[in-house]
Amino acid sequence: MRQEVERYDKPTRILHWVHLVAFCLLFLTGLVLFIPQLGFLAQDSWTRFIHRIAAVAFVLAPLIYIPMNWEGTKRGVKKAFSWGADDIGWLQAAPRYYFLGDESGMPPQGSMNTGQKMWWLIVLVFGVVFVITGAIMWFAKTTAPPALLQWMVFLHDIAFIVTGAMLFVHIYLGVIHPLMKESWGAILRGKISADYAKAHHAKWYEEITKGKEVKS
Ligand code: HEM
Ligand code: HEM
């Protein structure tokens with residue numbers, strides 16, 4: 001029988017699903033404001049209304065999740081910011097690995113590989129940029145100096161372009177790339193096979209199974 005290890009617990013998967021839906025809505029309703037030719041869709045303001053509702057969900061979800069999972073959140077942030085020699089090795093080996101399927105140069109990875117650390121960092125940094133700039137555009141539209149509002153729109157747009165582009169990479173690697181075949185199951189069911197964990201996250205697998213037998 002296939003042996004499995006837990007990759008993402010239930011609260012983490014729920015947070016991801018809320019963020020997935022909220023972010024897609026924010027992206028699409030943001031796109032309507034960003035591309036002048038789509039402006040007619042925002043005329044009755046319903047896209048702006050959806051943008052605000054999705055923004056509330058986007059902010060509320062981590063505000064509920066973080067206090068409930070304080071230790072896990074701290075661990076995750078620490079990992080995303082901890083870089084070492086194996087991360088440099090990953091960056092060097094990644095093109096041959098992802099484009100040619102050559103695993104020979106790929107160093108062993110922890111629970112997050114270097115690419116996942118980069119996505120975490122993008123989400124953390126630009127998440128804060130979205131919230132601050134979005135809140136100012138929302139609540140201080142009539143009171144803030146026009147130059148400040150211009151800057152907020154500009155920074156919100158930069159965050160939109162960077163996260164939007166990287167989201168496509170995230171989706172491609174998580175759902176389509178043949179080497180990441182158990183990724184989607186990880187976020188759907190929370191589990192991956194022990195073999196997949198060993199192959200993709202060898203350092204983490206060793207850490208969680210030290211002295212233990214992996215249950216099926
Ligand atoms: C997370 C909290 C967020 C808040 C509070 C927020 C709020 C806002 C507000 C108030 C506006 C101005 C809308 C208007 O003119 O009526 C706006 C515009 C926009 N938002 Fe957001 N937003 C958030 C996140 C996002 C995200 C995650 C994306 C895309 C991935 C996004 C993309 C955009 C875009 C492209 C615009 C149009 C800016 C322009 O006029 O060039 N927003 N947002
Ligand atoms: C359609 C949209 C999305 C899809 C299909 C998707 C898919 C996935 C999958 C399959 C994983 C598991 C990766 C693994 O451990 O092997 C994952 C992890 C993750 N996702 Fe998403 N996701 C989406 C949107 C988002 C959004 C909008 C955010 C942030 C706001 C996000 C943040 C993360 C983070 C931080 C992780 C953990 C680190 C990583 O594996 O990259 N995802 N996602």
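The values are calculated or read from the model by the stated rules, or taken from the named source; none is laboratory data. These numbers come from a predicted model, not from an experiment. FYI the Cβ positions are ideal-geometry reconstructions off the backbone, even for glycines, and counts take in every protein chain you see. Accessible surface is based on the protein model in full, side chains and every heavy atom, while ligands, DNA and RNA are left aside. Shrake-Rupley method; radii C 1.70, N 1.55, O 1.52, S 1.80 Å.
Could you tell me whether the range 6-16 includes any residue that is within 15 Å of ligand 2 (Cβ to nearest atom), free of Cβ contacts under 8 Å to residues at least 60 places away in the same chain and surrounded by fewer than 16 Cβ atoms within 10 Å (Cβ to Cβ)? Yes, that holds for at least one residue.
Of everything in the range 97-137 that is modelled with pLDDT under 95 and more than 23 Å from Arg7 (Cα to Cα), the residue that is most open to solvent (accessible area, probe 1.4 Å) is Phe99.
For the range 138-149, give me each residue that is surrounded by fewer than 13 Cβ atoms within 10 Å (Cβ to Cβ) and within 24 Å of Phe27 (Cβ to Cβ). Hits for the range 138-149 are Phe139, Lys141. Among all residues of the range 138-147, there is at least one that is over 22 Å from Ala61 (Cα atoms), more than 10 Å from ligand 1 (Cβ to nearest atom) and in a helix (DSSP H, G or I). Quick one: would you say Trp83 is within 16 Å of ligand 2 (Cβ to nearest atom), within 27 Å of Ile161 (Cβ to Cβ) and part of a helix (DSSP H, G or I)? Spelling it out, it is not the case that Trp83 is within 16 Å of ligand 2 (Cβ to nearest atom), within 27 Å of Ile161 (Cβ to Cβ) and part of a helix (DSSP H, G or I). Among the residues of the range 114-126, at least one is under 14 Å from the mean Cα position of the chain (by Cα) and among the charged types (D, E, K, R). Residue-level check: of (1) open to solvent by 90 Å² or more (accessible area, probe 1.4 Å); (2) away from ligand 2 (no atom under 14 Å from the Cβ), Val32 misses just (1). Checking the structure you have, find out if any residue of the range 74-89 is polar (S, T, N, Q) and either within 16 Å of His19 (Cβ to Cβ) or within 15 Å of ligand 1 (Cβ to nearest atom) (or both). Within the range 74-89, none of the residues are polar (S, T, N, Q) and either within 16 Å of His19 (Cβ to Cβ) or within 15 Å of ligand 1 (Cβ to nearest atom) (or both). For the range 168-187, a residue qualifies if it is open to solvent by 30 Å² or more (accessible area, probe 1.4 Å) and closer than 30 Å to Gly134 by Cα, and the qualifying residues are Phe168, Val169, His170, Ile171, Tyr172, Leu173, Val175. One residue is enough: does the range 143-160 have a residue meeting the conditions in contact (Cβ under 8 Å) with a residue 24 or more places away in the chain, touching a helix residue (DSSP H, G or I) at 6+ places or on another chain (Cβ under 7 Å) and within 20 Å of Arg13 (Cα to Cα)? No, the range 143-160 contains no residue that is in contact (Cβ under 8 Å) with a residue 24 or more places away in the chain, touching a helix residue (DSSP H, G or I) at 6+ places or on another chain (Cβ under 7 Å) and within 20 Å of Arg13 (Cα to Cα). Can you run down the residue pairs with Cβ atoms below 6 Å, 6 or more apart or on separate chains, where the first is in the range 205-216 and farther than 15 Å from Gln109 by Cβ and the partner is modelled with pLDDT of 60 or more and open to solvent by 100 Å² or more (accessible area, probe 1.4 Å)? Cβ pairs passing all conditions: Ser216/Met1.
Against the conditions (1) in a helix (DSSP H, G or I); (2) farther than 20 Å from Arg52 by Cβ; (3) over 13 Å from the mean Cα position of the chain (by Cα), Met152 satisfies every one except (2).
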